[in-house]
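Have a look at the structure below before the remarks.
The values are calculated or read from the model by the stated rules, or taken from the named source; none is laboratory data. Given the structure is predicted, the values throughout are model-derived calculations rather than measurements. When we count neighbours, we look across all protein chains shown, and the Cβ atoms used for this are built from the backbone with ideal geometry, even at glycine. Accessible surface areas use protein heavy atoms only, side chains included; no ligands, DNA or RNA. Shrake-Rupley method; radii C 1.70, N 1.55, O 1.52, S 1.80 Å.
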Amino acid sequence: MNSALLRMIAGRLASAALLLLLVAAVTFALIHAAPGGPFASDRAVSAEVEAALNAQYRLDQPLPAQFFAYLGQALQGNFGPSYRYPGRTVSELIIAGLPATLELACYALLLALLIGIVAGSLAARRPGSAADQLSMGLALLGICLPAFVLGPLLVLVFGVYLEWLPVSGWGELAGDKWLPTVTLAAGYCAYIARLTRAGLCQQLSQPYIITARSKGLSELAIIVHHALRGALLPVVAYLGPACAGLIAGSFVVETIFQIPGIGRFYIQAAFNRDYTLIMALTLFFAALIIFFNLLADLVALWLDPRQREALS
Amino acid sequence: MTGKLATSAALWLLATITAVCLLAPWLAPYDPSAQNLLLGAQPPSLQHWLGTDSFGRDLLSRLLHGGRLSMLIGLCATAVALLLGVSWGATAGFVGGRTDALMMRVVDALYALPFVMFVVLLMVVFGRSLALLFIAIGAVEWLTMARIVRAQVRALKQSEFVEAARCIGLSNRQILWRHVLPNCSGPIIVYTTLTIPSVMLLEAFLSFLGLGVQPPQSSWGALISQGVETMEEYPWLLLYPAAALTTTLLCLNLLGDQLRDWLENSSPGGAA
């Protein structure tokens, strides 16, 4: 059983490495297909200076050579200097932006899980009741209100009109983490509530719940101790893709609230053609997504004995 | 009961919004890009029902024209996703065996990729053309469709009418197109309905970041992005485009969910 688990993890890690190589190749090809290099149009420099710059950043070598040189260095944790922020390495930039992004994503995910699971459970207790219709209506609204609409609306109401919370920033003023967190969490909260409700409705009609009821357990104990474990499987399966979504969400939320995280860096790097920064961020995000997909699968294994048996 | 009412309300609202937007060139009261700098940004009034922006452009006209573009992109990109997803999924499911395993591994691998980032890169690298926009969006959204169609085709392949068709000597292609795929139309239609809102959302997301539709053209996402810049002084420039996008997405999702429920209830085990 344990060796089967190890073999599965090893297999997944191997395919993850392959995927990352693929991501690197595709990103590299895309960036180099772009018209205009990083030093192309800014200001006119003499031919010698441009050649020297190109030589320094290895832009004068053939593409495959550049690619493998890059990979070799990346494996040693050296992603090179940023093209647009001279004197700073890409690793420095990512490390500077990472805490804010990770903190935002964690808060948003925790808030979404908490509210989503509670709302989904309340809805599933009595399908068709007012609580069910209210929470599912709100969930539908949450799915249809993208972060770039919800964020500005929240800023307008709570920041500008009511003046309860700061309108931008991260960790500078008291309470400035609330609006970005809520903005990023809303959509996930909605999906998690729907998935929890669907899973719980299915579980609550199972024979083992009838057994638990006939033993005289309270409704709360039945849901929390028995039904939720099975009902949360779809939610866990959703968390892998949700991680990818959180990253895309961080592009928008960090732009709206002017948070100096790596999501905003990515958009700026894309506009600036900052090759090295784009490459490193793409690889980093891809690794993160692959890691979370694996993690979600492992949690599902832990929750579901049937999957464990199928494995061995 | 309330579900039925909500569904028909959503259907009518959606039909109205779609018709009004598609007929924008004839219905819009003003030229959407005609500037009137002396007028400037005005709140809603009788002349300009939804007000004007800081260049004095009529918001209602811009909203209608923008909606037209948003919907056209939504439909075109969904068509791309439909084409890719159905042909990929149907081939994998029908051929089966090693081809199937390989094709589905590709889909699984693509699921794990940061696709939104590739779309961002594509738009940055190859300029921001409309054709590229809907191809890029369609290329992201076909994966789930492929999975659904494959599951359906695999199930239908075992059925008696396929065997019968094979007995009368039809080729694989004829069996697939004339007999198998029409029987998958339910799930395909349902999932298409649910793809349109996610495609429109992705377009709005890109336009909001400045990577989608470019001026002088405009879409709801681009209008929202412009509205955000001046929302403290001129909130209507944010509120109306946001309401238009959200209402449309809400209607589409309501309809898609309802269709799925009907399908699941009418054919037990039929939906993927």
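Answer yes if at least one residue in segment A:189-208 is closer than 28 Å to A:GLN258 by Cβ, open to solvent by 50 Å² or more (accessible area, probe 1.4 Å) and either assigned to a helix (DSSP H, G or I) or out of contact with any Lys or Arg (no Cβ under 6 Å at 6 or more places or on another chain) (or both), and no otherwise. Taking every residue of segment A:189-208 in turn, at least one turns out to be closer than 28 Å to A:GLN258 by Cβ, open to solvent by 50 Å² or more (accessible area, probe 1.4 Å) and either assigned to a helix (DSSP H, G or I) or out of contact with any Lys or Arg (no Cβ under 6 Å at 6 or more places or on another chain) (or both). Within segment A:90-120, the set of residues being crowded, with 18+ Cβ neighbours inside 10 Å and over 30 Å from A:ASN78 (Cα atoms) comprises A:ALA108, A:LEU109, A:LEU111, A:ALA112, A:LEU113, A:ILE115, A:GLY116, A:ILE117, A:ALA119, A:GLY120. Of the residues that make up segment A:121-138, is at least one closer than 28 Å to B:LEU223 by Cβ, surrounded by fewer than 22 Cβ atoms within 10 Å (Cβ to Cβ) and assigned by TED's automatic domain parsing to the domain that holds A:GLY245? Yes, segment A:121-138 contains at least one residue that is closer than 28 Å to B:LEU223 by Cβ, surrounded by fewer than 22 Cβ atoms within 10 Å (Cβ to Cβ) and assigned by TED's automatic domain parsing to the domain that holds A:GLY245.
Taken as a whole, segment A:9-16 holds no residue that is under 30 Å from A:LEU298 (Cα atoms) and at pLDDT below 75.
Within segment A:106-152, being within 10 Å of chain B (Cβ to nearest Cβ), in a helix (DSSP H, G or I) and not small (Gly, Ala, Ser) holds for A:GLN133, A:MET136, A:LEU140, A:LEU141, A:ILE143, A:CYS144, A:PHE148, A:VAL149, A:LEU150, A:PRO152.
Out of the residues in segment A:256-294 that are of a type in the set (S, T, N, Q) and either assigned by TED's automatic domain parsing to the domain that holds A:LEU19 or more than 18 Å from A:PHE79 (Cβ to Cβ) (or both), which is farthest from the chain's Cα centre (by Cα)? Across segment A:256-294, the extreme among qualifying residues is A:GLN258. Residues in segment A:261-278 that are more than 10 Å from chain B (Cβ to nearest Cβ) and either open to solvent by 10 Å² or more (accessible area, probe 1.4 Å) or over 17 Å from A:VAL26 (Cα atoms) (or both): A:GLY261, A:ILE262, A:GLY263, A:ARG264, A:PHE265, A:GLN268, A:TYR275, A:THR276. Close contacts from segment A:173-184, counting a first residue that is of a type in the set (Gly, Ala, Ser) and a second that is open to solvent by 10 Å² or more (accessible area, probe 1.4 Å), with Cβ to Cβ under 7 Å and a gap of 6+ residues or different chains, come to A:GLY175/A:LEU165; A:GLY175/A:PRO166.
Within segment B:173-187, can one find any residue that is more than 9 Å from every other protein chain (Cβ to nearest Cβ), farther than 25 Å from B:VAL86 by Cβ and out of contact with any Phe, Trp or Tyr (no Cβ under 6 Å at 6 or more places or on another chain)? There is no residue in segment B:173-187 that is more than 9 Å from every other protein chain (Cβ to nearest Cβ), farther than 25 Å from B:VAL86 by Cβ and out of contact with any Phe, Trp or Tyr (no Cβ under 6 Å at 6 or more places or on another chain). Facing chain A (nearest Cβ under 9 Å) and surrounded by fewer than 16 Cβ atoms within 10 Å (Cβ to Cβ) - does that describe any residue in segment B:109-125? Among the residues of segment B:109-125, at least one is facing chain A (nearest Cβ under 9 Å) and surrounded by fewer than 16 Cβ atoms within 10 Å (Cβ to Cβ), which makes the answer yes. Inspection of segment A:61-83 finds no residue satisfying the criterion of being within 30 Å of A:LEU301 (Cβ to Cβ), open to solvent by less than 40 Å² (accessible area, probe 1.4 Å) and modelled with pLDDT of 80 or more.
Residue under question is B:SER218, and the condition is that it be open to solvent by 10 Å² or more (accessible area, probe 1.4 Å), outside any helix (DSSP H, G or I) and hydroxyl-bearing (Ser, Thr, Tyr); does it hold? Against the criterion (open to solvent by 10 Å² or more (accessible area, probe 1.4 Å), outside any helix (DSSP H, G or I) and hydroxyl-bearing (Ser, Thr, Tyr)), B:SER218 qualifies. The set of residues in segment A:232-244 being closer than 16 Å to A:LEU283 by Cα and facing chain B (nearest Cβ under 8 Å) consists of A:ALA244 alone.
For every residue, the table says whether it meets (1) at pLDDT 90 or above; (2) within 11 Å of chain A (Cβ to nearest Cβ); (3) open to solvent by 30 Å² or more (accessible area, probe 1.4 Å).
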residue	(1), (2), (3)
B:THR247	yes, yes, yes
B:CYS251	yes, yes, no
B:LEU254	no, yes, yes
B:GLN258	no, no, yes
B:SER266	no, no, yes
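Taken over segment A:153-187, the residue count meeting the criterion of being crowded, with 18+ Cβ neighbours inside 10 Å and part of a helix (DSSP H, G or I) is 15.
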